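A.B. asks: Below: one structure in structure tokens.
Nothing in this text is a laboratory measurement; each read-out follows from the coordinates by a stated rule. As the structure is a prediction and not an experimental result, all values here were calculated from the model.
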Amino acid sequence: MGIIEILAIWFGLSLTGALAPGPLSAAVVMQSSKHGRLYGILPMVGHAIVELGIVAAIIVSVQIFSFDQLATSLMIGFGGIVIVFFGGLALKDYRFKTSSEEKENSAESKSLSSAAEATTQGALVSILSPYFLLWWAAIGLSNVTLLIGELQVGVGTVFLAGVLIYLVHISTDFLFGAFLTVGTDAAKKRTTYGGVNWINVGIGIFQIILGIYFVFVALT
């Protein structure tokens, strides 16, 4: 296969992960609803940092998914608890702020700490999400290894092949993240009934249910 064909195939495979509903999508919607469009994309930045480490590990042939059953259950259970925690944070901001409150908190909401929080949330829900781990174990690991091997022939080095694979993969994440955050920003203007941020309420409930489900899976 040619370079374009290989990257096109990988783009399609990457979309199967990006479009899957889960805690990362919820983090994007939550941050966008809370702070605005720019903050909505920051969880994807944290996600991209985690995946940089994964692709780098694959390039140097580190077996990152050799977990036994106990380790997998502990990871799923702990990940579920973290997701419930973020669901609680979403429910905590269940109402829209008044104009005066928004002015008072504008500096805080645009601070570096808020940006770091949003980025860290994206990284944490990626590392601890069973969806994320299962996708990389079932699809990502084998395909990245195979495609880097084929792509190396065309670009000359494993490093450059890995960079191309990584950039194509995260492009799907950022495209979907941008779609979510713009859509959330538009929906936010239409969900102000009773002064309640119904987007955050829905996302909070979704994450709590999802987290409880993961804890249940880990215990069974």
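A.B. asks: Short version: ³J(HN,Hα) in whole Hz for each residue of segment 39-51, in order, from phi by Karplus 6.51 cos²θ - 1.76 cosθ + 1.60 (θ = phi - 60°), x for Gly and Pro, what are they?
C.D. replies: Here the 3J(HN,Hα) series is 6, x, 8, 5, x, 5, 5, x, 4, 5, 5, 4, 6 Hz.
A.B. asks: Residue 37 to residue 159: extension gain in nm, 0.36 nm per residue of separation minus the Cα-Cα distance?
C.D. replies: On the way: separation 122, 0.36 × 122 = 43.92 nm, distance 3.33 nm.
Fully extending the segment from residue 37 to residue 159 adds 40.6 nm.
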